[in-house]
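Trainee: Once you've had a glance at the structure underneath, I'll fire off some questions.
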Amino acid sequence: MTDTMNPFAGGIVGTPRLRKEDPALLTGESKFIDDLNLPGALWISCVRSPYAHARIGAIDASAALATDGVVAVYTGADLEGDWAGPLPCAWPVTDEMKNPAHLPVAVGKANFAGDAVAVVVATSRYAAADGAEGVVVDYEPLEAVVDLDDAASDRVVIHDDCGTNVSYDWPLVPDPDAVAAAFENAAHHVTETYVHQRLIPAPMEPRGVAAVPAPHNGDMTLYSSTQIPHVLKVMGALTLGMPEQKLRVIAPSVGGGFGCKLNVYAEELICMALANRHGGTVRWTETRTEAATSTIQGRAQKQTIELAADADGKLTAVRATLLADMGAYLQLVAPGVPLLGAFLYHGLYDVPAYAFTCRGVFTNLAPTDAYRGAGRPEATYAIERAMDALAVAVGVEPDEIRSRNYIPTEKFPYDSPAGLVFDSGNYQPTLDRAKELVDWDGRRAEQAERRAAGSTVQLGLGISSYVEMCGLAPSRTLAALNYGAGGWESATVRILPTCKVQVVTGSTPHGQGHETSWSMIVADQLGVDPDDVEVLHSDTAISPMGMDTYGSRSLSVGGTALWMATEKVIDKARTIAAHMLEASTEDLEFSGGTFSVKGSPDKEVPLAGVAFGAFTAHDLPDGVEPNLEAQVTWDPGNFVFPFGTHIAVVEVDEETGAVELVDYAAVDDCGNQINPMIVEGQLHGGIVQGIAQALWEDAVYDDDGQLRSASLADYLVPSAAECIDMKLDHTVTPSGTNPMGVKGIGEAGTIASTPAVMNAVVDALRPHGITDVRMPASPMTVRRAIEAAGGSS
Amino acid sequence: MEVSVTVNGTTRSADVEPRTLLAHFLRDELGLTGTNIGCDTSSCGACTVLVDGRSAKSCTLLTAQVDGAEVTTIEGLAGADGLHPMQQAFHECHALQCGYCTPGMVMAAVSLVDEYENLDAAGVRVGLEGNLCRCTGYQNIVKAVLAASE
C-alpha cells in the first residue's frame with residue numbers, strides 16, 4: 001500500500017532474498033555449543049532438588065566420588081566463596097522491590113524443583129550424569145507455594161530474607177479521578193478475569209555452556225548458547241568478581257531462544273568458577289528435562305480487566321490489575337516483563353482514561369522471565385478478549401466494536417493514555433483485509449447454518465487486533481522504568497582494501513537471519529553485492545559493544561545503527577572521492593557504488609577506487625585518516641509500534657471437546673520491510689507459538705510444585721500435523737522513529753494469535769452461555785466448560 | 001564392545017560402551033556434529049538419521065543396534081555437485097530459521113519422500129509429526145518437502 005518514506009525503493013531491500021545463513025545450517029557445518037570440540041574438557045552435571053521447597057541437610061558425595069570418571073563434587077556451601085554476588089536481576093522495578101539472594105548453587109534451602117544443590121565434575125558427560133545419581137542429599141521438605149493468590153497471602157513465606165512473598169507493586173495510574181469518573185458514568189462496564197498458564201519456551205536447542213580458562217594470564221572465554229553475549233560479559237564478570245576485560249563471551253550458532261536465552265544462568269557461573277578451580281575447560285549441556293524444570297518459563301499471570309464504555313460501545317476507560325508469578329527467584333529482567341505490557345492494556349483503541357497495577361509474587365516454581373512477546377501478549381490477550389465481551393454487551397459484531405474504537409489515523413503520532421507516543425498507525429485496513437482473507441461473512445453464514453442444523457461441530461470466529469511496543473528501547477525511558485541498562489545498539493562498517501565489506505553488529509542473531517538482512521541494507525547503501533558483505537557478531541572480542549537481541553529490537557535499533565554507520569562511511573568516502581576528482585563534496589553524487597560529479601558524468605570514481613585509495617593513503621586530503629570505517633551507537637528516541645489484525649476460524653467438536661484450526665489470516669504492518677521472506681517466516685513461527693498457548697502448551701505443576709509436563713512427550717510443542725497454512729498479507733505504514741521507517745516483527749505473531757484463537761473458541765461455544773475457556777483449550781477443558789455451562793451432548 | 005558401522009559410505013569401527021547411543025557415537029566418536037540432540041524422550045526428531053535408508057531417531061538407538069548397518073547423516077547428504085534437492089528446497093522455501101531441527105527434519109523428509117509417492121500437504125504434515133520445529137510454524141517446511149518431492 002503506501003510506500004512513502006522508503007529510502008530503499010528499487011533496491012535489493014524489499015525483495016525476498018534467500019538467506020546466506022542456510023548452507024552451513026543445512027549441511028551440519030554450523031557449530032552449536034554442544035558441537036564445539038574442546039579436548040580435555042571436564043563435564044558437569046547438576047544435582048537438582050526434587051522438592052519444590054525443602055531445607056538442604058547433609059550431602060553425601062562418597063558414592064559419587066567413587067564413580068568412574070568423577071573428579072569432584074561441590075555443594076552450594078563449597079562454592080559460596082566463589083561468587084562476588086548473587087545471580088543478577090537487572091530490573092528492580094521499584095526501589096522497595098524484594099529480591100531474595102539467588103546463588104548459582106543453593107545454600108540452606110531449595111526453592112523450586114530443579115534448583116541446583118550440588119555439582120558433579122567428571123571426565124565425560126556420561127560419568128557426570130552417573131555421579132549425579134550417586135549424590136545423596138538429606139532434604140527436609142517444606143510446604144510448597146504454587147498458587148498466586150496463596151502466595152500473595154503470605155500463608156507460607158518462601159524467602160526469610162524478604163519476609164513476604166510480594167516482590168513488588170507497580171502502579172501506572174496517570175489520572176485516577178478520570179478513571180473513576182469514567183466507570184461511574186459508563187453505560188457498559190465489562191469485568192473479565194483471565195489466566196495465563198505457565199509456558200516453557202522450548203527452543204529446539206537446549207542451553208549449553210563451555211568455560212575455557214587461561215589460568216596463567218587470567219583470561220576466560222565463555223561459550224554459551226545465549227541471546228546476550230554482551231550483557232552476559234558484564235553481568236558474568238560482576239557476579240564472578242573478575243575483571244571484565246579478561247572475559248570474552250562467544251555465542252556460537254544458537255538454536256533458538258524465544259527469550260529464555262536472554263538471561264544470566266547459574267550454569268554459566270558454575271562452569272566459569274569450576275574452570276578456575278580446575279584450571280581447564282569445564283562444560284555443560286542441558287538435558288530437555290532441565291530445559292523444562294530449570295530454564296525460565298513464561299507468562300504465568302492472573303489478570304482482571306475492566307472496560308468502561310458509552311452506550312455505543314465507545315471506550316471511556318480501561319483498568320487492568322495483574323498478579324504476576326515471578327517464580328522462586330528474580331531472574332535477569334523478570335520483574336519488568338509485566339511492565340512491558342503495562343502501557344498496552346488499552347490495545348490500539350482510543351481511550352481517554354487508563355489505570356494499570358501489577359503485583360509480582362514469589363512461588364516455589366521455576367523462575368519466570370521474558371518469553372516471546374514478554375508482557376505484550378498478556379496485555380493483548382486481556383484487551384482483545386474483553387473487547388469481544390464488550391461487543392456482546394453492546395450487541396454488535398466483534399469487528400464493529402473494534403472499528404468504533406480504533407485510534408483514528410489522523411491522531412498519529414498518538415499520545416497514549418499510558419504516556420507513550422505511538423509512532424504511526426492505520427488500523428482499519430488490516431481488519432478489512434483479514435476479514436476478506438477468511439471470508440468473514442461466508443463463515444458467519446456457515447456458523448449460523450451449523451447451529452440451525454443442530455450440528456455438534458460448531459464453527460467459531462475470533463478477531464485479534466493488536467499494537468505492540470518494541471525496538472527496546474530509548475535509554476531514558478528505560479531509566480524511568482528503573483531498568484539497569486540502556487537500550488542503544490552499536491554497529492561498525494568497514495570497507496576493506498578490495499572493496500569487500502565487513503559489518504560488526506552488537507545484535508546477536510539466533511535464527512532471525514541478521515546476516516542476510518544486514519547485508520541487504522549495506523549492499524543497497526553502498527551499491528555492492530550482498531555476498532560481498534560479511535556480518536560479524538556474537539563474539540565480544542570481535543563485537544565489543546552491543547545490547548543484543550530481544551524485544552524485536554534488532555532491526556529498528558541495531559539496523560538503524562548499521563544504516564547510520566554506513567552513511568558515515570559514505571560521507572568519508574565522499575570526502576576522499578571529492579579530493580580524487582578535484583571537486584567539492586556538494587557536487588558529488590553517489591549512486592550504484594560510484595561517485596560522480598553532477599553534470600559531468602565522465603568524472604567519476606568507483607567506491608572500490610576510493611577504498612583502495614583510503615587503504616594506501618598515498619594521497620588523502622589533509623586531516624583525513626586512512627581506511628574507510630565508521631562506528632555508530634544509536635539510542636532510539638522512541639519505541640516502534642507494529643500492528644495488525646489476525647482472524648482465526650476454528651471448529652469445536654462439542655462431543656469430544658476437540659478444537660481444530662480451520663483457517664487463519666494475519667494482516668500485519670511492520671513499516672518498511674527489509675526482506676519480506678524473513679518477515680513472513682517470523683510471522684509463521686510466531687503465530688504458531690501463540691496458537692500453541694491457546695490450544696496445547698501448559699507447564700502443569702501439581703500442588704506439591706512438581707512439574708508434570710517436563711518432557712516434550714508431555715509438553716505439547718505443536719508438530720506440523722496440528723498446524724495449518726496461514727494466509728498472510730500486510731500493509732506498510734512506516735515508523736517515524738528511525739530513518740528506515742522500520743518496525744519489529746519478531747514477536748507480533750505470538751502477540752496477536754493467542755486471543756484470536758481463544759476468541760474463536762469462545763465464539764463457537766457462545767450458544768452454551770460460555771464466556772471463557774481456560775488456556776490451553778484442550779479437549780478436557782472444553783468439555784468441562786460445556787458441562788459446567790449445563791450442556792450435555 | 002566392538003562395533004562396525006558404515007557411516008556416509010565409510011566403514012567405521014570402534015570400541016564403545018554398550019550403552020552408547022548412536023547420536024553420541026556419531027557426534028562424540030566420529031565428530032559428525034550435524035546430527036543434533038534436542039530431547040531425551042525421542043520426541044523432537046532433531047537427531048534423525050537414515051539407517052539402511054529409513055529415517056531413525058539416533059537418540060533412541062544404541063550404537064550396538066546398528067552394528068553392520070549403513071547410516072547416513074546430514075553430512076553425507078550433499079554431493080560434489082552441491083546440496084541435495086531436499087536441502088536446496090529447504091533453502092529456497094525459507095524452511096529453516098535457527099537451523100537446529102533442520103538436519104533431522106531434512107533427513108526425515110528425505111525418507112518420507114522416498115517412502116511415499118504422490119505426497120500432498122496433509123501427508124507431509126502427518127509424515128513429519130515426529131520432528132519438531134519451534135521457528136517456522138512448519139508452513140515453509142511443508143512447502144519445501146512438496147517442492148522436493150516433485
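Trainee: Restricting the range A:598-626 to residues that are assigned to a loop (DSSP other than H, G, I, E, B) and touching a residue at least 40 places away in the same chain (Cβ under 8 Å), which is nearest to A:PHE343 (Cα to Cα)?
Mentor: Per the criteria, the residue is A:VAL624.
Trainee: Taking the residues in the range B:63-79 that are within 13 Å of chain A (Cβ to nearest Cβ) and without any contact (Cβ under 8 Å) to a residue 60 or more places away in the chain as candidates, determine which candidate is nearest to the chain's Cα centre (by Cα).
Mentor: By that ranking, first place goes to B:ILE74.
Trainee: OK, next. For the range A:1-50, what are the residues that are over 26 Å from the mean Cα position of the chain (by Cα), among the β-branched types (Val, Ile, Thr) and farther than 25 Å from A:THR733 by Cα?
Mentor: Matches in the range A:1-50: A:THR27, A:ILE44, A:VAL47.
Trainee: Could I ask something else about it? Given the criterion touching a residue at least 60 places away in the same chain (Cβ under 8 Å), within 20 Å of A:ARG372 (Cα to Cα) and among the hydroxyl-bearing types (Ser, Thr, Tyr), identify the matching residue among A:THR289, A:THR293.
Mentor: Going through A:THR289, A:THR293 in turn, just one is touching a residue at least 60 places away in the same chain (Cβ under 8 Å), within 20 Å of A:ARG372 (Cα to Cα) and among the hydroxyl-bearing types (Ser, Thr, Tyr): A:THR293.
Trainee: Select from the range A:265-297 the residues that are part of a strand (DSSP E or B) and either of a type in the set (Val, Ile, Thr) or in contact with a helix residue (DSSP H, G or I) (Cβ under 8 Å, 6 or more places away or on another chain) (or both) and list them in ascending order.
Mentor: Once the filter is applied, which keeps residues that are part of a strand (DSSP E or B) and either of a type in the set (Val, Ile, Thr) or in contact with a helix residue (DSSP H, G or I) (Cβ under 8 Å, 6 or more places away or on another chain) (or both), the range A:265-297 yields A:VAL282, A:ARG283, A:TRP284, A:THR285.
Trainee: Residues A:LEU344, A:LEU339, A:LEU348, A:LEU365: which one is over 15 Å from A:ASN99 (Cα atoms), modelled with pLDDT of 95 or more, assigned by TED's automatic domain parsing to the domain that holds A:LEU420 and in contact with a helix residue (DSSP H, G or I) (Cβ under 6 Å, 6 or more places away or on another chain)?
Mentor: Sole residue among the options that is over 15 Å from A:ASN99 (Cα atoms), modelled with pLDDT of 95 or more, assigned by TED's automatic domain parsing to the domain that holds A:LEU420 and in contact with a helix residue (DSSP H, G or I) (Cβ under 6 Å, 6 or more places away or on another chain): A:LEU344.
Trainee: To continue, here is another question. Just to check your reading of the model, which residue among A:GLY559, A:GLY609 is under 30 Å from A:TRP488 (Cα atoms) and in contact with a helix residue (DSSP H, G or I) (Cβ under 9 Å, 6 or more places away or on another chain)?
Mentor: The conditions single out A:GLY559.
Trainee: While we're here: For the range A:219-235, give me each residue that is farther than 17 Å from A:GLY506 by Cβ and either of a type outside the set (Val, Ile, Thr) or not assigned by TED's automatic domain parsing to the domain that holds A:ARG277 (or both).
Mentor: Selection gives A:ASP219, A:MET220, A:LEU222, A:TYR223, A:SER225.
Listed here are the residues, each with its yes/no results for (1) within 7 Å of chain A (Cβ to nearest Cβ); (2) part of a helix (DSSP H, G or I).
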{"residue": "B:ARG19", "(1), (2)": "no, no"}
{"residue": "B:ALA23", "(1), (2)": "no, yes"}
{"residue": "B:CYS59", "(1), (2)": "no, no"}
{"residue": "B:HIS94", "(1), (2)": "yes, no"}
{"residue": "B:MET105", "(1), (2)": "no, yes"}
{"residue": "B:SER111", "(1), (2)": "no, yes"}
{"residue": "B:VAL126", "(1), (2)": "yes, yes"}
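Trainee: Something else about it: Tally up the residues in the range A:769-793 that are surrounded by fewer than 18 Cβ atoms within 10 Å (Cβ to Cβ), under 18 Å from A:ALA393 (Cβ atoms) and not charged (D, E, K, R), please.
Mentor: Number satisfying all stated conditions: 2.
Trainee: Just one of (1) part of a helix (DSSP H, G or I); (2) of a type in the set (Gly, Ala, Ser); (3) within 14 Å of chain B (Cβ to nearest Cβ) trips up A:GLY255, so point out which.
Mentor: The one condition A:GLY255 does not meet is (1).
Trainee: Just for the range A:611-663: of the residues that are in contact with a His (Cβ under 9 Å, 6 or more places away or on another chain) and crowded, with 21+ Cβ neighbours inside 10 Å, which one is nearest to A:VAL501 (Cα to Cα)?
Mentor: Here the residue is A:GLY613.
Trainee: Being in contact (Cβ under 8 Å) with a residue 12 or more places away in the chain and out of contact with any helix residue (DSSP H, G or I) (no Cβ under 9 Å at 6 or more places or on another chain) is the requirement here; does A:PRO104 meet it?
Mentor: So A:PRO104 does not fit the description; no.
Trainee: Just one of A:VAL533, A:VAL522, A:VAL503, A:VAL528 is buried (at least 20 other Cβ atoms within 10 Å of the Cβ) and either under 30 Å from A:VAL337 (Cβ atoms) or touching a Gly at 6+ places or on another chain (Cβ under 8 Å) (or both); which is it?
Mentor: Being buried (at least 20 other Cβ atoms within 10 Å of the Cβ) and either under 30 Å from A:VAL337 (Cβ atoms) or touching a Gly at 6+ places or on another chain (Cβ under 8 Å) (or both) holds for just one of A:VAL533, A:VAL522, A:VAL503, A:VAL528, which is A:VAL528.
Trainee: Now, a different point. Within the range B:134-145, can you find the residues that are under 19 Å from A:TYR664 (Cβ atoms) and more than 7 Å from chain A (Cβ to nearest Cβ)?
Mentor: B:LYS143
Trainee: If you check A:ASP82, A:ASP68, A:ASP22, which single one turns out to be touching a residue at least 60 places away in the same chain (Cβ under 8 Å), within 14 Å of chain B (Cβ to nearest Cβ) and not small (Gly, Ala, Ser)?
Mentor: Unique residue meeting the criteria: A:ASP68.
Trainee: Another one. For the range A:495-535, enumerate the residues that are among the acidic types (Asp, Glu) and away from chain B (no Cβ under 14 Å).
Mentor: If the condition is that a residue be among the acidic types (Asp, Glu) and away from chain B (no Cβ under 14 Å), then A:ASP524, A:ASP529, A:ASP531, A:ASP532, A:GLU534 are the ones that fit.
For (1) of a type in the set (D, E, K, R); (2) free of Cβ contacts under 8 Å to residues at least 12 places away in the same chain, each residue gets a yes or a no:
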site	(1), (2)
A:VAL135	no, no
A:ASP138	yes, no
A:ASP147	yes, no
A:ALA151	no, no
A:ILE158	no, no
A:SER167	no, no
A:ALA180	no, yes
A:HIS196	no, no
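Trainee: Taking into account only those residues within the range A:693-707 that are within 14 Å of chain B (Cβ to nearest Cβ) and assigned to a loop (DSSP other than H, G, I, E, B), which is farthest from A:ILE296 (Cα to Cα)?
Mentor: A:TRP696
Trainee: Give the residue that is surrounded by the most Cβ atoms within 10 Å (Cβ to Cβ), with candidates limited to residues of the range A:298-341 that are among the hydrophobic types (A, V, I, L, M, F, W, C) and assigned to a loop (DSSP other than H, G, I, E, B).
Mentor: Taking the candidates together, the pick is A:LEU330.
Trainee: Just name the residue that is surrounded by the most Cβ atoms within 10 Å (Cβ to Cβ) out of those in the range A:134-156 that are among the β-branched types (Val, Ile, Thr) and within 31 Å of the chain's Cα centre (by Cα).
Mentor: Checking each candidate, the answer is A:VAL145.
Trainee: Then there's this: If A:VAL650 meets every condition in (1) of a type in the set (Val, Ile, Thr); (2) in contact (Cβ under 8 Å) with a residue 60 or more places away in the chain; (3) under 26 Å from A:PHE8 (Cβ atoms) apart from one, which number is that one?
Mentor: Evaluating A:VAL650 over (1) of a type in the set (Val, Ile, Thr); (2) in contact (Cβ under 8 Å) with a residue 60 or more places away in the chain; (3) under 26 Å from A:PHE8 (Cβ atoms) leaves (3) as the failure.
Trainee: Applying the selection to the range A:587-601, what residues are among the acidic types (Asp, Glu) and over 16 Å from A:VAL569 (Cα atoms)?
Mentor: A:ASP587
Trainee: I would also like to ask the following. With the requirement that a residue be in contact with a helix residue (DSSP H, G or I) (Cβ under 7 Å, 6 or more places away or on another chain) and either assigned to a loop (DSSP other than H, G, I, E, B) or not assigned by TED's automatic domain parsing to the domain that holds A:THR285 (or both), what does the range A:127-161 give you?
Mentor: Those that are in contact with a helix residue (DSSP H, G or I) (Cβ under 7 Å, 6 or more places away or on another chain) and either assigned to a loop (DSSP other than H, G, I, E, B) or not assigned by TED's automatic domain parsing to the domain that holds A:THR285 (or both): A:VAL135, A:VAL145.
Trainee: If we scan the range A:733-747, do we find a residue that is away from chain B (no Cβ under 14 Å), among the hydroxyl-bearing types (Ser, Thr, Tyr) and within 22 Å of the chain's Cα centre (by Cα)?
Mentor: Yes, the conditions are met somewhere in the range A:733-747.
Trainee: Checking A:ILE678 against (1) in the same structural domain as A:LYS435 (by TED's automatic domain parsing); (2) surrounded by fewer than 17 Cβ atoms within 10 Å (Cβ to Cβ); (3) hydrophobic (A, V, I, L, M, F, W, C), which single condition isn't satisfied?
Mentor: All conditions are met except number (2).
The values are calculated or read from the model by the stated rules, or taken from the named source; none is laboratory data. Please read all numbers here as calculations on a predicted model, not as lab measurements. Methodologically, a virtual Cβ is constructed for each residue, glycine included, from the backbone with ideal geometry; neighbour enumeration extends over all protein chains shown.
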